[in-house]
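Only one structure is covered here, and it is reproduced in the block below.
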Amino acid sequence: MSSGIDADIALDAAVVLTLGMNRMLGRGAGVAGRGAQALAALAAGRAEARAAALAEVESHERALREVVERNARIAALAETRAKIGAEVALPRPLRPDEQTPGELTAWCAATDRALDEAERRLSEHLAAQVSTQIFAVPAEGLKAGTAGSAPPPAQDVQRNLERIMTRLLPDAADEERRAVAEAARLLAETGTAEEAEGVLQEVRLRIQAANRGVEERRAAERRRAAERDAAEQAEAERRYVLDSITAAFEDMGYEVRPGFETLTAEDGTVTLTKGAWPDHSVRMRVEDAHVRASMVRERPAESEDDRRVDVEREREWCEAFEAARTRLADAGIRSDVAWRLEPGVRELPVSARARQTGGRTGQRERHRERHK
């Protein structure tokens, strides 16, 4: 072991999945239920029990993600419904709690059908809105016709327009809907069936373009949601590691407090001290998939005896870190030491607080000297 370490860490699948479940359920991070069973089976070497528990965790986590996606779609359609003033029923969002994975999956299947129907009705409502606006006043072009060609019946044109308009996704942007409506209004200037069909073809093309825009925005929102989820998961995992490290060392008699430099543990930096260590502490930082730690002095070493004590404290810290690694493994945190520095190899650095205090003390001494 060493007084300076850099360890790679990895979370067990049961921890990762359970943290994701806890986030989606709005609970605090912590391993519970089947996740805890999977970890217990791992520690006991019971591969079959672990596989069964882990499979249930995976199934539950997957079902919860499906519910979150449906809830997001419900919210998006509700926003569209309000925007276009439609009276279309939507399913209520589900707040998952005690449901089994099977119950959650069944809800998703039923909700998909209801949402598809709601989206269809919203599109129909939007199509009827545009069609009514265009045909509210009889179009002279649709009545008059031109020599040698009969005008298309207005009712047929309206039916064709409404049928085509139902293909427009209801969450098209305002400018996209306006572009479609502007093309549709050209029907008022047509006098033949051929002209009307040409305008309807332009409407089809603009609807296709609008729908592509909708699909691109939906895909972008899914990417943003995935990025948010990944960031939240990474933060939950970092906090879990930090909390587990804190608990492990506190159980061994250490005091774990925020790092002096940051005054907060939010960035993953903590300081480990002990009652029997008046002159020593350990600075530890959890960042990404790494744990970095090093022992420091709270005041400069002044004698060989100080350096002898340094080596003793380093050895004590090394043993404590190895014991902590065993405890962390039980919590589903695997650590592989990538770099180490053996006790006594180098002089311990002095903490930033001690350097700053020393600097201020020197400034006060110089100030007194100048005013004697």
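The values are calculated or read from the model by the stated rules, or taken from the named source; none is laboratory data. What you are looking at is a predicted structure, and each value in this text was computed from that prediction instead of being measured. We place every Cβ from the backbone using ideal geometry, glycine too, and count neighbours over all the protein chains shown. Ligands, DNA and RNA are excluded from the accessible area calculation, which covers all protein heavy atoms including side chains. Shrake-Rupley method; radii C 1.70, N 1.55, O 1.52, S 1.80 Å.
Sort out for me the Cα centre separation of the range 165-185 from the range 79-131, rounded to whole Å.
21 Å
For R212, what accessible area in Å² do you get when you roll a 1.4 Å probe over the heavy atoms of the protein chains, rounding to the nearest 10?
140 Å²
Taking the Cα centre of the range 177-240 as the origin and placing charges on Cβ (Lys, Arg +1; Asp, Glu -1), which of V180, Q201, G191 is farthest toward the positive end of the dipole?
Of the listed residues, the answer is V180.
Taking loop as defined by DSSP and a crowding limit of 11 other beta carbons within 10 Å, which GluC sites (Glu not before Pro) in the range 12-105 fit?
Here the sparse-neighbourhood loop sites are E87, E98.
Show me 269-278, 88-97 ranked by packing, highest mean number of other Cβ atoms within 10 Å first.
Descending packing order for the listed peptides: 269-278, 88-97.
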